[in-house]
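Participant: Please read through the structure below; I'll follow up with questions.
The values are calculated or read from the model by the stated rules, or taken from the named source; none is laboratory data. Remember, it's a predicted structure, so these values are computed and weren't measured experimentally. Every residue, glycine among them, receives a Cβ derived from its backbone with ideal geometry; neighbour counts consider all protein chains shown. Keep in mind that these areas ignore ligands, DNA and RNA; they rest on the heavy atoms of the full protein, side chains included. Shrake-Rupley method; radii C 1.70, N 1.55, O 1.52, S 1.80 Å.
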Amino acid sequence: TSLLDAVRDRPPVRTGVVNAVSNVVLESVRDASKAGVVEPVLYGDRAKIADGLSALGWDAQGTEIVDAPDEGAAATMAARDAGQGNLAALMKGHVHTDTFMRAVLNRDAGLRTGRRLSHIFHMTVPGRQGSLIISDAALNTHPDIETKKAIINNVVALSHALGNARPRIALLSATEE
């Protein structure tokens with residue numbers, strides 16, 4: 001099941017896009033918005049976002065833009081808004097993973113739940129049936145056995161939510177760089 005198929009009958013999710021200043025990020029957000037998957041809130045330098053929207057020919061009228069001077073401020077502001085319930089999801093835009101995660105994990109953001117947080121990349125690969133979920137290439141980089149169990153539980157729960165009743169799991173060793 002593709003990610004779009006899994007969410008097609010659900011209302012759009014109000015999603016904070018952290019540092020939405022690159023054309024690649026904005027193109028992805030535009031496509032997700034047009035598909036009815038997200039209601040985007042774009043965080044980042046307002047002028048750069050406007051330039052990107054113009055370059056794409058995307059009339060994003062009505063889309064909220066939260067001006068932030070740099071990626072750290074964009075991440076902090078979006079995490080805070082998510083913690084206050086103003087956003088249902090966060091999307092990593094053109095921002096370093098450590099900057100993004102520092103904002104998410106900051107106690108003041110209000111996003112901690114007491115459960116192990118893990119990070120995923122969800123990919124639909126052209127020419128390949130189904131999708132790939134790669135977890136924790138950047139967050140839990142040296143997991144012990146209990147952390148590995150928590151990561152697997154998170155991936156299985158996400159897979160189930162997306163309609164995959166029997167996900168196949170492989171444990172690999174990799175890093176972001």
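Participant: Residues in the stretch 21-37: is at least one modelled with pLDDT of 95 or more, assigned to a strand (DSSP E or B) and either within 17 Å of L87 (Cβ to Cβ) or touching a Lys or Arg at 6+ places or on another chain (Cβ under 7 Å) (or both)?
Facilitator: No, the stretch 21-37 has no match at all.
Participant: Please work out which one of (1) assigned to a loop (DSSP other than H, G, I, E, B); (2) modelled with pLDDT of 95 or more is the condition G62 fails and give its number.
Facilitator: Evaluating G62 over (1) assigned to a loop (DSSP other than H, G, I, E, B); (2) modelled with pLDDT of 95 or more leaves (2) as the failure.
Participant: Which one is surrounded by the fewest Cβ atoms within 10 Å (Cβ to Cβ) among residues in the stretch 35-86 that are hydrophobic (A, V, I, L, M, F, W, C) and closer than 14 Å to V104 by Cα?
Facilitator: Among those that are hydrophobic (A, V, I, L, M, F, W, C) and closer than 14 Å to V104 by Cα, it is A73.
Participant: Name, by its number, the condition in (1) closer than 23 Å to F100 by Cα; (2) in contact (Cβ under 8 Å) with a residue 60 or more places away in the chain; (3) not basic (K, R) that does not hold for E39.
Facilitator: The single condition E39 does not satisfy is (2).
Participant: Give the residue, chosen from R80, R102, R115, that is on the phi < 0 side of the Ramachandran plot, assigned to a loop (DSSP other than H, G, I, E, B) and basic (K, R).
Facilitator: R115
Participant: Just give me the residues in the stretch 104-127 being over 21 Å from T147 (Cα atoms) and open to solvent by less than 100 Å² (accessible area, probe 1.4 Å), in sequence order.
Facilitator: Selection gives A109, G110, M123, T124, V125, G127.
Participant: Before we move on, is H94 modelled with pLDDT of 90 or more and either within 16 Å of L3 (Cβ to Cβ) or in a loop (DSSP other than H, G, I, E, B) (or both)?
Facilitator: Answer is yes for this residue.
Participant: Can you tell me which residue in the stretch 128-147 is surrounded by the fewest Cβ atoms within 10 Å (Cβ to Cβ), limited to those that are more than 19 Å from the chain's Cα centre (by Cα) and over 15 Å from L172 (Cα atoms)?
Facilitator: Filtering the stretch 128-147 for residues that are more than 19 Å from the chain's Cα centre (by Cα) and over 15 Å from L172 (Cα atoms), the one surrounded by the fewest Cβ atoms within 10 Å (Cβ to Cβ) comes out as Q129.
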